[in-house]
Structure formats: structure tokens, C-alpha cells
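Reviewing the structure listed below.
Nothing in this text is a laboratory measurement; each read-out follows from the coordinates by a stated rule. All values reported here derive from a predicted model rather than from experimental measurement. No Cβ is skipped: glycine too gets one built from the backbone with ideal geometry, and neighbour counts run over all protein chains shown.
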Amino acid sequence: MPVSIKNKESIEKMRVACKLAAEVLEFISPSVVSGVTTEELDQLCHEYIVSKQQAIPAPLNYRGFPKSICTSLNHVVCHGIPSNTELKTGDILNIDITVIKDGFHGDTSKMFCIGEVTQKAKNLVQTAYECLQEGIEMVEPGQRLGTIGSRIQEIAESKRYSVVREYCGHGIGEIFHEEPQVLHYGIPNTGLALVPGMTFTIEPMVNMGKRHVRLLSDHWTVITKDRSLSAQWEHTILVTDNGHEVLTMRSDETF
Ligand code: MF3
Ligand code: CO
Ligand code: CO
């Protein structure tokens, strides 16, 4: 399948779905505190998406995923399954929300620091956010994906962190994961050139230690092989005629 270019109507639907996904993160933020379980966070988000937003939590039953959100704690890189694990001070947590509204997907994630977190962990979280921000700022017609990936890699590796290679950003629309693959590493002036109407995610996973990952026997949870901390942030972005629009932007952000 070639990369899909969204028309006006599809773009409007993407705006709506993405705004809802961003609002779930805003809704859940006050509940992300020491003592809460990730299963409780899942239940709260599920209820909000289904009842308040009248939308569909895309992860639920997606290729057999058992919950409505992903919660990736500390050395979990991505696709963590909400469980009865209680958050505790010092934890770093990624919450990844994808909703479907009117047939279109909005996908976004952010990091939460629970209570007192070490400066080392905060720096990792901050750098992963910088990787996302810098990547987003480069999005414009004619820009090539290899150039963006290479810049993200450069930022992470300049701080002696590593970038996960096995998972990447993706085209998104009526299909959750569609072309193109958006790698968070690469070679400048290579890869797909962006065109207005493309919608895709950027979602760099940055590890404190080595880049290698391991899949747990639940077939979903991805952890760092060396058990080092990992951080990830994600936005869904539209390529516009003269730049980009961050479709999942929250009120606490500026781009
Ligand atoms: N939201 C994830 C992404 O950013 C995908 C989660 S798939 C699931 O692409 F099944 F684990 F939910
Ligand atoms: Co995604
Ligand atoms: Co996501």
C-alpha cells in the first residue's frame, strides 16, 4: 500500500480524533500518582473514552492486546500492559493513548514522573521530549524521513543515550499503523519525501543504556535488554502546505 494522502474531510476527522486522544492524557494526568495501579488508570481512561468521548480505545483487542491503553513503566520501552502494579515515588511512566472517532485514529503518549524522581531519570525524560520536538519542527513538504530520523538519533546519542530500532513511528488514519515507517534513526537526505496531507506519528524511544530490547512472554511488553530506563513521547502530525500541524497537542505544550 502506498502512503495515503488525506483529503480535507479526512484531515478534519483526524483533527477530531487526535484532539480526543490528547484530552485523554489531560484527563488522566491528575490520577497518575503514587499508589495508583496502572489497571486503575486503564479503567479510568476506558470509561472516559467510551462514555464521555463516545469513541473507541484502539488498543483494546488490537491484535489481541488486552487493555485500552499502554502503560510502560521504567525499563519497559513500549506496549506495557496495565496491571495491578502500584506506581511508587521515583517511577517514570509512559501512557500511550489511541482513540478511534468516526473511523479515524489519534495516537499520542507522554511521560509522567511519579513523586521524587532522580535527576538522571528526569534528564532522560527531557531528552526524549527534545527528540520528539526537534523531529516535529523539521516536518514540512519535501523534508525526508531519513533526515528527521538522523537528527533524533543525533540528539539522543550526543547525550550518550541510545535509540530503539525495532519500533518506530507510523502513518495513521483510518488504519492504526499504516505506511510510512518513521524510524528514529537514519541517514540525512534519504527516505521518503513528505507531501502535504500525510499524517504520521513520531514516537522516539530513548534508552539510558544500550538500544537492545527484549519481548516478554506476554508477547506485548517490550523491555530494555540491560534493564536500563527508557522514555518515549508521541504525537500525531499532519504535513501542511507550508509546514506541519501537531494534531495531538495538549494545553501544557507549545510548538
Ligand atoms: N499506541 C502504540 C503506538 O504508538 C501502539 C500500541 S499497540 C497496542 O503505535 F496494541 F499495544 F496497543
Ligand atoms: Co503510534
Ligand atoms: Co501510541
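Looking at Glu154, Glu174, Glu203, which is the one that is closer than 21 Å to Tyr129 by Cβ and within 16 Å of ligand 1 (Cβ to nearest atom)? Can you show your working first?
Working: Glu154 fails: within 16 Å of ligand 1 (Cβ to nearest atom); Glu174 fails: closer than 21 Å to Tyr129 by Cβ.
Residue meeting the stated conditions: Glu203.
Given the criterion within 12 Å of ligand 1 (Cβ to nearest atom) and either over 27 Å from Lys19 (Cβ atoms) or touching a helix residue (DSSP H, G or I) at 6+ places or on another chain (Cβ under 9 Å) (or both), identify the matching residue among Ile148, Ile81.
Numbers: Ile148 fails: within 12 Å of ligand 1 (Cβ to nearest atom).
Among Ile148, Ile81, only Ile81 is within 12 Å of ligand 1 (Cβ to nearest atom) and either over 27 Å from Lys19 (Cβ atoms) or touching a helix residue (DSSP H, G or I) at 6+ places or on another chain (Cβ under 9 Å) (or both).
What are the residues in segment 1-12 that are part of a helix (DSSP H, G or I) and either over 14 Å from Val239 (Cβ atoms) or among the basic types (Lys, Arg) (or both), if any? Once the filter is applied, which keeps residues that are part of a helix (DSSP H, G or I) and either over 14 Å from Val239 (Cβ atoms) or among the basic types (Lys, Arg) (or both), segment 1-12 yields Lys8, Glu9, Glu12. Screening segment 146-255 for strands (runs of 3 or more DSSP E) wholly inside it with 1 or more residues that are among the hydrophobic types (A, V, I, L, M, F, W, C) returns the ranges 178-182, 199-202, 205-207, 213-215, 222-224, 230-232, 235-239, 244-246.
One residue stands out among those in segment 198-212 that are surrounded by 19 or more Cβ atoms within 10 Å (Cβ to Cβ) and away from ligand 3 (no atom under 16 Å from the Cβ): the one that is farthest from Tyr167 (Cα to Cα), which is Met198.
Taking first residues from segment 87-102 that are more than 16 Å from Met205 (Cβ to Cβ) and away from ligand 1 (no atom under 12 Å from the Cβ) and partners that are among the hydroxyl-bearing types (Ser, Thr, Tyr) and in a strand (DSSP E or B), the Cβ contacts under 8 Å between residues at least 6 apart in sequence or on separate chains come to Leu87/Thr37.
Just a yes or no: is a residue in segment 188-198 within 16 Å of ligand 1 (Cβ to nearest atom) and in contact with an Asp or Glu (Cβ under 8 Å, 6 or more places away or on another chain)? If you could, list the steps in order and put the result at the bottom.
Initial filter on segment 188-198 (within 16 Å of ligand 1 (Cβ to nearest atom)): none.
The answer is no; no qualifying residue exists.
Within segment 152-159, identify whether any single residue is touching a residue at least 24 places away in the same chain (Cβ under 8 Å), in contact with a helix residue (DSSP H, G or I) (Cβ under 6 Å, 6 or more places away or on another chain), under 24 Å from Val222 (Cα atoms) and charged (D, E, K, R), and answer yes or no. Lay out the reasoning, then the answer.
In the first step, residues of segment 152-159 are kept if they are touching a residue at least 24 places away in the same chain (Cβ under 8 Å); the result is 152-153, 155-156, 159.
Narrowing further to those that are in contact with a helix residue (DSSP H, G or I) (Cβ under 6 Å, 6 or more places away or on another chain): 152, 155-156, 159.
If we keep only those that are under 24 Å from Val222 (Cα atoms) too, we end up with 152, 155-156, 159.
Next cut, charged (D, E, K, R) only: 159.
Yes, some residue in segment 152-159 is touching a residue at least 24 places away in the same chain (Cβ under 8 Å), in contact with a helix residue (DSSP H, G or I) (Cβ under 6 Å, 6 or more places away or on another chain), under 24 Å from Val222 (Cα atoms) and charged (D, E, K, R).
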